[in-house]
Amino acid sequence: MKPLDLPAGLARRAMREADEAIRAQHLRGVFDEGDPNHPKYNRGINYATGKPLTLFGHGVDEFMAKQYRKKPS
């Protein structure tokens, strides 16, 4: 695959729009796997808000443990 040779202005605009889209997602708490700013990789802190990540008011580990605990058989 050959990289595209874009005019400098168009490349800057594309990067700016992509950055704005990612920042807007992060402010809503939406992160993609592999995102270096994902709270999973950022010691549980949402860098956009500066607050610990929570799911429905619970810590992530606590919530996931409750969500996926095994049911008695």
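The values are calculated or read from the model by the stated rules, or taken from the named source; none is laboratory data. Keep in mind the model is a prediction, meaning the values are calculated, not measured. When we count neighbours, we look across all protein chains shown, and the Cβ atoms used for this are built from the backbone with ideal geometry, even at glycine.
One line per residue, one yes/no per condition, for (1) over 13 Å from the mean Cα position of the chain (by Cα); (2) touching a residue at least 24 places away in the same chain (Cβ under 8 Å):
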position	(1), (2)
Gly9	yes, no
Asp19	no, no
Ala24	no, no
Gly29	no, yes
Phe63	yes, no
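Return the residue satisfying two criteria in turn: it lies in segment 53-72 and is in contact with a Lys or Arg (Cβ under 9 Å, 6 or more places away or on another chain) and at pLDDT 75 or above, and of such residues it is nearest to Asn37 (Cα to Cα). For segment 53-72, the residue satisfying everything is Leu53.
Selection of segment 13-33 for residues being of a type outside the set (Asp, Glu) and within 19 Å of Thr49 (Cα to Cα) yields Ala21, Ile22, Arg23, Ala24, Gln25, His26, Leu27, Arg28, Gly29, Val30, Phe31. Is there a residue being in a helix (DSSP H, G or I), at pLDDT below 90 and either among the small types (Gly, Ala, Ser) or surrounded by 12 or more Cβ atoms within 10 Å (Cβ to Cβ) (or both) anywhere in segment 26-36? Within segment 26-36, one or more residues are in a helix (DSSP H, G or I), at pLDDT below 90 and either among the small types (Gly, Ala, Ser) or surrounded by 12 or more Cβ atoms within 10 Å (Cβ to Cβ) (or both).
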